Amino acid sequence: AQSVTQPDIHITVSEGASLELRCNYSYGATPYLFWYVQSPGQGLQLLLKYFSGDTLVQGIKGFEAEFKRSQSSFNLRKPSVHWSDAAEYFCAVGNTNAGKSTFGDGTTLTVKP
Amino acid sequence: GAVVSQHPSRVICKSGTSVKIECRSLDFQATTMFWYRQFPKQSLMLMATSNEGSKATYEQGVEKDKFLINHASLTLSTLTVTSAHPEDSSFYICSALGGDYNEQFFGPGTRLTVL
């Protein structure tokens, strides 16, 4: 069975500081990995995804993530956080055959001025 | 491309009534759609998989008679919450499967409040 762990429930960073959100997964084969962002009362917006190829993936809004098979991790990073990045972030691992995704519990990001 | 819409975005209803939520893939055809439920400050919980032209597959613990799913066309799936009660109040999100890698494209969600 596939699973996703986001160890940090809540992270607070200062505006302009760097950010790293952790994600660890468990999956029997090569995973399809996703990061989504959700603002309050809104749906999910895809930030980036990893299917194959280069393990460093660039996404929207200046985010990137690195797939590390040896560590079963897919951590999300941003070099300089903006106040508008404050939101809930979900990591997910996908089953390409069934199309289902398993989501982590999410990490709430607070940005201090 | 790959836009998914949901209607309504917000609905308030009285206890005992039924509510229908629509999920549409606007610019692609989706044989498979998913319905999720999200409680405040929590992750998405998969409720069911909706397949065009066949019965939906429900996750364990989800009442199929309570949450009726119909996927009548390749661009539309509906979720009907029957005889809604206050505990059914939640944020319901759908997704449609598509793209080269069979990935999910999410709708904006529907906020259901049952009084």
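The values are calculated or read from the model by the stated rules, or taken from the named source; none is laboratory data. Because the structure is a prediction, the values reported are computed rather than measured. Please note: Cβ atoms are built from the backbone with ideal geometry, for glycine as well, and neighbour counts cover all protein chains shown. Heads up: the accessible areas ignore ligands, DNA and RNA and are worked out on the full protein's heavy atoms, side chains in. Shrake-Rupley method; radii C 1.70, N 1.55, O 1.52, S 1.80 Å.
Taking the alpha-carbon centroid of each part, what is the distance from region A:26-105 to region B:44-115 in angstrom? Cα centroid of region A:26-105 versus Cα centroid of region B:44-115: 23 Å apart. Residue order by solvent-accessible surface for B:Arg111, A:Arg22, B:Arg37, B:Arg10 is B:Arg10, A:Arg22, B:Arg111, B:Arg37, largest first, with ligands and nucleic acids left out and a 1.4 Å probe. Within the straight-line cut-off of under 17 Å between alpha carbons, the lysines reachable from B:Lys64 are B:Lys20, B:Lys55, sequence neighbours fewer than 8 places apart in one chain being disregarded. Applying both filters, DSSP loop and at most 10 other Cβ atoms within 10 Å, to the GluC sites (Glu not before Pro) of region B:8-110 gives B:Glu63. Annotation: per residue accessible area for region A:46-110 equals 44 Å², rounded to a whole number [probe 1.4 Å, protein chains only].
Only protein heavy atoms count here; on that basis, with a 1.4 Å probe, B:Tyr58 has an accessible area of about 60 Å².
Among the protein heavy atoms, those of B:Asp65 account for about 120 Å² of accessible surface (1.4 Å probe, every chain in place).
Summed over the residues of chain B and divided among them, the accessible surface reaches 49 Å² per residue at a probe radius of 1.4 Å. Is region A:43-104 rounded, prolate or oblate when judged by the Cα gyration tensor, a ≥ b ≥ c being the square roots of its eigenvalues, rounded requiring a/c under 1.5 and prolate requiring a/b larger than b/c? It comes out oblate by the Cα gyration axes. Only protein heavy atoms count here; on that basis, with a 1.4 Å probe, A:His10 has an accessible area of about 110 Å². In terms of accessible area, using a 1.4 Å probe and ignoring ligands and nucleic acids, A:Ile9, B:Ile93, A:Ile60 rank largest first as A:Ile9, A:Ile60, B:Ile93.
Computed over region B:1-68, the quotient of the alpha carbon radius of gyration and 2.2 N^0.38 Å is 1.22. Computed over the protein assembly as shown, the P(r) curve from all C-alpha pair distances, binned at 10 Å from the origin, holds 8, 32, 35, 20, 5, 0 percent per bin.
Backbone amide hydrogens, once placed in the peptide plane, bring B:Glu103 within less than 5 Å of B:Gly98, excluding anything fewer than 5 places away on its chain. Comparing region B:33-115 with the 2.2 N^0.38 Å rule of thumb, its C-alpha radius of gyration ratio is 1.08 (two decimals).
Surface composition of the protein assembly as shown: carbon plus sulfur atoms hold 49% of the accessible area, using a 1.4 angstrom probe and ignoring ligands, DNA and RNA.
By the Cβ rule of 4.7 Å, the protein assembly as shown holds the following cysteines without a possible disulfide partner: B:Cys13.
Let me know the shape class of chain A, please: from the alpha-carbon gyration tensor, a ≥ b ≥ c as square roots of the eigenvalues, rounded when a/c is under 1.5, otherwise prolate if a/b is greater than b/c, or oblate. Because a/c hits 1.5 or more and a/b exceeds b/c, chain A counts as prolate. Here the dipole of chain A is about 180 debye; that uses its Cα centre as origin and unit charges on the Cβ of Lys and Arg (positive) and Asp and Glu (negative).
Buried surface for the B/A pair, taken as the accessible area of each chain alone minus that of the pair with a 1.4 Å probe, is close to 1500 Å² in total.
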